[in-house]
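Inspection log for the structure reproduced underneath, given as structure tokens.
The values are calculated or read from the model by the stated rules, or taken from the named source; none is laboratory data. What you are looking at is a predicted structure, and each value in this text was computed from that prediction instead of being measured. Here the Cβ is made from the backbone with ideal geometry for all residues, glycine too, and neighbour counts use every protein chain on show.
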Amino acid sequence: MVDNACGFCGEPSSQKCSGCQLVYYCCREHQKKHWSKHKSHCRPMKLCQDNVLGRYYVASRSIKAGEVVLKEVPLVQGPSQVTGPVCLGCLKSISMHTSEECPKCGWPLCRDPQCRMSEHHVPECDWTMSKRGKKIKISNFTAPHPSYECITTLRCLYKKFHQPAVWEKLMQLEAHLDECKKSPRYESDQKNVIQFLLNFFKLDQDFSEAEIFKICGIIQVNAHEMPLTEPGYMAIFDRTSLVEHSCFPNLYKSFTNSGQVLLRAMKPIAAGDHLSICYTDPLWGTINRRHHLEESKYFTCQCDRCRDPTEFNTMYDGVKCPEHQCKGYVLPHLTPSSFEETWICHDCKKTADQDNVHKILVKIGEDLSTIEKQNPEACRKFLKTYDTGRFLHPNHYYLTDVRIALAQLYGQTTRGGIQDLSDEMLTHKIALCKQIVNLARTIVPAEGRIRGIIIFELHASVAELGRRRSSQGQIDSAQLRAFLLESKQYLDEAVWLLQYEPSNLPEGKILVQAQENLSSLNTVLQALHASIGDSPM
């Protein structure tokens, strides 16, 4: 199927519907002919504005779970600020032995001929020669290289003269300039980006220091980390930048192989509801999430999840109450600044000493940072020590982090995969997966990636448990079918959650495997149905 197929005739097309930006058309005539069918699906989002949120989107109609709400290409993409040398065409890591100099400007590229012709490389290639007047020379490929810190900013600046419409869209994005001046990055940006561009590239005749600084702020606030290459890169999107943040969002963000962002509804959304994505790691605790948002995006989150100390009754931040007779857990009650939390027990309502709570979290955090995440025994030891209720609530984010690692490790470190696991390890894997999935459905229902991965692990484990019990004569064919139907239910959900993951990422590879497993599982179920003689469904 052609990615950009005309919605009417199916031919490759380059023009998109200006309303929803989701459907392509090869000509205006075909767009008109398709309108009667397309109009009920067009414009699922409407731009609004107020004094608190600024610009934001609401659903312009009811949106179904699973529906793609937005798909767009970046305005600008470029390497992360702190990176070793990468190809400035495809943005993949390169070395002295895998790269070659661009014949025009000297910037190193990979050896794919298409990267020499990449439109993304044009800005620095053009200005290296037309502004600086001589080729650049990169000789150190073993460490982060300061020359790359300016590239994404340069590519934004280049739009002013060569794509003014894109430049106007960039300049309308939030920059938080006052906050940027107070950030730890300010001095680094002044030296390695602003002054470097003004002096090394001789842009002082074209841009003021203030103008370049604003672009630095726009990148800091709006750029998305793109995991499509190694290392990842940055991209700035137009509409996606206006979708507001929530730690309990209703949209899930993923990417296509070609670098488009894709926003998908993970639950039904009513007309008029605010559309949101998560700007931080939704599996972090409240204090860490808010601190990250304040440091990187310059706002204090006030979403429903952050305002609820229990995080929807999961006790995700819970630390054991120090009162001897109390079996409850203290939770952080936050002021508008996440640096001023008060720890109050959810049961006895007494306030715990903040310093003592921090000491407990620092000690456990240090232990977590030193364990071998690729060693199942190390993960089991951590859980045996801390998953007792004596220190942390069973749902605490530290414990959840280790459970996610261990649930995936079981079966990865044995030669025969999941079939080589002991019965005890297999049942533990199933218990871990179910615990993670149940928690995720409550606290991060829009996080399709981790839910899909763990549910895939759960499907395989349940099927393996059924196979073992059947081969040992512990269950009959009907009971085996029940195991496999449960496994299929998980597999169907995993495919639904991961269906838009790019094929070059691990999640995309899991999707392919899940689809193959689903086909095989259906064949086995059909055979069981025939042998048992009644419907398996």
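Which of the following residues is within 27 Å of L465 (Cα to Cα), without any contact (Cβ under 8 Å) to a residue 24 or more places away in the chain and not β-branched (V, I, T): K373, K381? It would help to see each step written out before you state the result.
On the way: K373 fails: without any contact (Cβ under 8 Å) to a residue 24 or more places away in the chain.
Just one listed residue meets the conditions, K381.
Those residues that are within 30 Å of R289 (Cα to Cα) and buried (at least 21 other Cβ atoms within 10 Å of the Cβ), I need them from the stretch 411-438; list them, please.
If we filter the stretch 411-438 for residues that are within 30 Å of R289 (Cα to Cα), which is where we start, we get 428-438.
Once the filter is applied, which keeps residues that are within 30 Å of R289 (Cα to Cα) and buried (at least 21 other Cβ atoms within 10 Å of the Cβ), the stretch 411-438 yields K429, L432, C433, I436.
Which residue out of I443, I430 is within 23 Å of the chain's Cα centre (by Cα) and aliphatic (A, V, I, L, M)?
On the way: I430 fails: within 23 Å of the chain's Cα centre (by Cα).
Being within 23 Å of the chain's Cα centre (by Cα) and aliphatic (A, V, I, L, M) holds for just one of I443, I430, which is I443.
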**Message:** Filter the stretch 29-71 down to the residues that are touching a residue at least 24 places away in the same chain (Cβ under 8 Å) and part of a loop (DSSP other than H, G, I, E, B) and list them by number.
**Reply:** C42, R43, P44, L53, S60, R61, S62, K64, A65, G66, E67
**Message:** Can you report the number of residues in the stretch 488-530 which are within 16 Å of the chain's Cα centre (by Cα) and among the small types (G, A, S)?
**Reply:** 2
**Asked** When you go through E486, E447 one by one, which is the residue that is among the acidic types (D, E) and out of contact with any Pro (no Cβ under 8 Å at 6 or more places or on another chain)?
**Response** E486
**Fill in**
(1) among the charged types (D, E, K, R); (2) modelled with pLDDT under 95; (3) surrounded by 15 or more Cβ atoms within 10 Å (Cβ to Cβ) all hold for D387 apart from (2)
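Please work out which residue is farthest from G232 (Cα to Cα), limiting yourself to the stretch 251-287 and to residues that are polar (S, T, N, Q) and in contact with a helix residue (DSSP H, G or I) (Cβ under 9 Å, 6 or more places away or on another chain). Working first, answer last.
Quick first cut of the stretch 251-287, residues polar (S, T, N, Q) only: 254, 256-258, 260, 276, 280, 286.
Of the ones still in play, those that are also in contact with a helix residue (DSSP H, G or I) (Cβ under 9 Å, 6 or more places away or on another chain) are 254, 257, 280, 286.
Working: S254: 14, N257: 13, T280: 16, T286: 26 Å.
Result: T286.
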**Complete:** Picking from A175, A165, the residue that is part of a loop (DSSP other than H, G, I, E, B), in the same structural domain as E100 (by TED's automatic domain parsing) and of a type outside the set (D, E) would be A175
**Prompt:** Within the stretch 318-341, is even one residue part of a helix (DSSP H, G or I), surrounded by 15 or more Cβ atoms within 10 Å (Cβ to Cβ) and hydrophobic (A, V, I, L, M, F, W, C)?
**Reply:** no
**Request:** Taking W167 as meeting all but one of (1) without any contact (Cβ under 8 Å) to a residue 24 or more places away in the chain; (2) surrounded by fewer than 17 Cβ atoms within 10 Å (Cβ to Cβ), write down the number of the exception.
**Result:** (2)
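Residues that are assigned to a loop (DSSP other than H, G, I, E, B), in contact (Cβ under 8 Å) with a residue 60 or more places away in the chain and under 26 Å from T256 (Cβ atoms): does the stretch 446-457 have at least one?
Applying the first criterion (assigned to a loop (DSSP other than H, G, I, E, B)) to the stretch 446-457 yields 446-447.
Among the residues that remain, those that are also in contact (Cβ under 8 Å) with a residue 60 or more places away in the chain are: 446-447.
Now drop any that are not under 26 Å from T256 (Cβ atoms), which leaves 446-447.
Yes, that holds for at least one residue.
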**Prompt:** What number of residues in the stretch 458-481 are part of a helix (DSSP H, G or I) and either at positive phi or of a type in the set (D, E) (or both)?
**Reply:** 1
